[in-house]
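The next block holds one structure in the form of structure tokens; read it before the comments.
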Amino acid sequence: MLHHDSPAPSPHDADWWRQAVVYQVYPRSFADSDGDGIGDIPGVTSRLPYLARLGVDAVWLSPFYPSQLADGGYDVADYRDVDPRLGTLDDFDRMVAEADRLGLRIMVDIVPNHSSDRHVWFQEALAAPPGSAARERYVFRDGRGPDGGLPPTDWPSSFGGPAWTRVPDGQWYLHLYAPEQPDFNWDNPEVREDFHRTLRFWSDRGVAGFRVDVAHGLAKDLRAPLRDLGERRSYQPAALPVDGSHPLWDRDEVHEIYRGWRQVFDAYDPPRFAVAEAWVGTSRRSAYAAADGLGQAFNFDFLGTPLSAAEMHATIDTALADARRAGATSTWVLSNHDVVRHVSRYALPGDFTKQDIEAWLLTDGTEPAPDPAAGVRKARAAALLMLALPGSAYVYQGEELGLPEVAGLDRADLRDPMWVRSGGRVKGRDGCRVPLPWTSEGASFGFGPGGSWLPQPADWGRYAADGQLGDEDSFLELYREALRLRRTLVVDEELEWAGPRERTRQGLLHFTRAGGWHTVSNLSDEPVPMPPGEVLIASGPLTGDALAPWTTAWLRTERAPGR
Ligand code: NOJ
């Protein structure tokens, strides 16, 4: 069974990713087949027909590898296996075969900056003496101060606290994230070779591509003496130098690593694809997306841009130019497993910063009181905007159901290391990782036959997939119809802005794509006249000739020659 209206995709199409819609599965929260409360690989397989019907092209799985879950699976104990709680390699192969049958591609998450401290290499390093080859796979250093009791540098962990932890023999090891996530030493050829082996391992199993975690972190300046950061301790993209001179992040040497990966990818037919998770300044992004590198890079600017026509216009222009420079296509992301779900973000005041949103989470989502109707309206408008843009759209599980953030999770239930490591100053990312509701009623709302590892809210069933299917006003049907149309409409990778800039300032975002396809978003509180054309889909009700506030519509006009 194929889910396409258009001809079946060629399995050899090397460009399949350029305008793909990729659905992100957070495996532990997606579907649980055995009732232990943790989503698993057979659960994913059982729901692939749903994803095919939704109309996505590929499925990216966040880590499913053996892990003690110190960071939701981004602490990998074995890169070439499946966590026994999530299944077996045979289950994985069955999932790939089923995906193949349905015309879906599978992508996996590669976590190369750090392993778990349970990884056999790290265990060997702990057992081995300072200066040994086993310690050279990670970053071990002596401390400062007379007895070496002070960390080697002032580097902070991204999750709070110092980036160094001391081991019993007195040395310290580096972890830019949790202490259970020791950083690899990428200057060591053994580390490089082992990751090539991992990339081949999954590519040989039929994986079409990779999402590369912390892609900007691998190359570090580890020459003695290590440099303190002093005032420059922020790891925010805007705070990083644009000349590759930071000792830890976004160094130019990192691209040499990816050129090596590219050779591995290109040995396959079609070449394996990769997308970089690189939190770098916009001008530095295209290097990760280079054709001789990973090929594509996440554009998180879109996610961070307020829903304002003028600001979105600028973000979209920059992203498109940036991707073009790399010979890649841009990506568009509204939500993922690291951020507050956008239905809830859009229910908050438009000028809210990341810090404001974190503060809001600390009030369990009560202060200020969100405006859920506004959140839904804006999220629907943003979805149609995103899905009309040239490039790849990444959809986070549950966003097609309009799931809100579970902002009121009890502190005792929180699992994100950010919560503990920030000393309770950051509530963390659990609220977007609550297991999905598949059915309006029943055990864990259809997530599985048992409970769920994070508690689902009592009203979770109202978002369930089964209640939305077939309801043309639902979020799910909006996504399905948009994805169906997108397949028939997309003919090239270009966008042309329409209408005078003045209209943009008034809140109207209007662009055309080849074939006479127009997208118009009214990102304002006032209705605006609808441009002429046949409405193909709209994110909200249409009244007369006006486009209602916070609504996106796709229209078709007479096909003009060439466009
Ligand atoms: C980015 C991942 O998306 C996030 O979930 C994780 O905590 C960090 N990288 C560290 O691996």
Given (1) away from the ligand (no atom under 16 Å from the Cβ); (2) more than 17 Å from Trp121 (Cβ to Cβ); (3) surrounded by fewer than 20 Cβ atoms within 10 Å (Cβ to Cβ), index of the condition Pro156 fails: (1)
Does at least one position in region 193-205 carry a residue that is closer than 23 Å to Tyr288 by Cβ and part of a loop (DSSP other than H, G, I, E, B)? no
Among residues of region 72-89, those that are within 14 Å of the ligand (Cβ to nearest atom) and crowded, with 24+ Cβ neighbours inside 10 Å, counted: 4
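Yes or no: region 206-215 includes at least one residue that is more than 25 Å from Arg259 (Cβ to Cβ), surrounded by 21 or more Cβ atoms within 10 Å (Cβ to Cβ) and under 24 Å from the mean Cα position of the chain (by Cα).
So in region 206-215, the residues more than 25 Å from Arg259 (Cβ to Cβ) come out as none.
Within region 206-215, not a single residue is more than 25 Å from Arg259 (Cβ to Cβ), surrounded by 21 or more Cβ atoms within 10 Å (Cβ to Cβ) and under 24 Å from the mean Cα position of the chain (by Cα).
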State all residues of region 454-473 that are outside any helix (DSSP H, G or I) and either among the charged types (D, E, K, R) or touching a residue at least 12 places away in the same chain (Cβ under 8 Å) (or both); if no residue qualifies, say none. Leu454, Pro455, Gln456, Pro457, Asp459, Ala464, Asp471, Glu472, Asp473
Among (1) buried (at least 21 other Cβ atoms within 10 Å of the Cβ); (2) of a type in the set (Ser, Thr, Tyr); (3) not in a strand (DSSP E or B), there is one condition Thr519 misses while meeting the rest; what is its number? (3)
Against the condition more than 16 Å from the ligand (Cβ to nearest atom) and either within 33 Å of the chain's Cα centre (by Cα) or at negative phi (or both), how does Phe92 come out, does it pass? yes
Condition first: touching a Leu at 6+ places or on another chain (Cβ under 6 Å) and either in a loop (DSSP other than H, G, I, E, B) or among the basic types (Lys, Arg) (or both). Can you find one or more residues in region 493-506 that meet it? no
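For region 335-385, what are the residues that are charged (D, E, K, R), exposed (fewer than 15 other Cβ atoms within 10 Å of the Cβ) and assigned to a helix (DSSP H, G or I)?
Within region 335-385, Lys354, Asp356 qualify.
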Does Pro435 count as away from the ligand (no atom under 16 Å from the Cβ), within 20 Å of Ser67 (Cα to Cα) and buried (at least 19 other Cβ atoms within 10 Å of the Cβ)? yes
Working only within region 180-201, note down all residues that are touching a Gly at 6+ places or on another chain (Cβ under 8 Å) and either among the hydroxyl-bearing types (Ser, Thr, Tyr) or within 16 Å of the ligand (Cβ to nearest atom) (or both). Asp183
Does Leu51 satisfy the criteria of being in contact (Cβ under 8 Å) with a residue 12 or more places away in the chain, of a type in the set (A, V, I, L, M) and at positive phi? no
So Asp117 ticks every box in (1) modelled with pLDDT of 95 or more; (2) over 35 Å from the mean Cα position of the chain (by Cα) but one. Which box is left unticked? (2)
Report whether or not Ala323 is crowded, with 20+ Cβ neighbours inside 10 Å, touching a residue at least 60 places away in the same chain (Cβ under 8 Å) and more than 16 Å from the ligand (Cβ to nearest atom). yes
Taking the criterion of being touching a Leu at 6+ places or on another chain (Cβ under 8 Å), under 18 Å from Phe273 (Cα atoms), within 14 Å of the ligand (Cβ to nearest atom) and at pLDDT 95 or above, would at least one residue in region 51-58 satisfy it? no
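The values are calculated or read from the model by the stated rules, or taken from the named source; none is laboratory data. Here the structure is a predicted model, which is why all the values come from computation and not from measurement. Quick reminder, even Gly has a Cβ in these numbers, built from the backbone with ideal geometry, and neighbours come from all protein chains shown.
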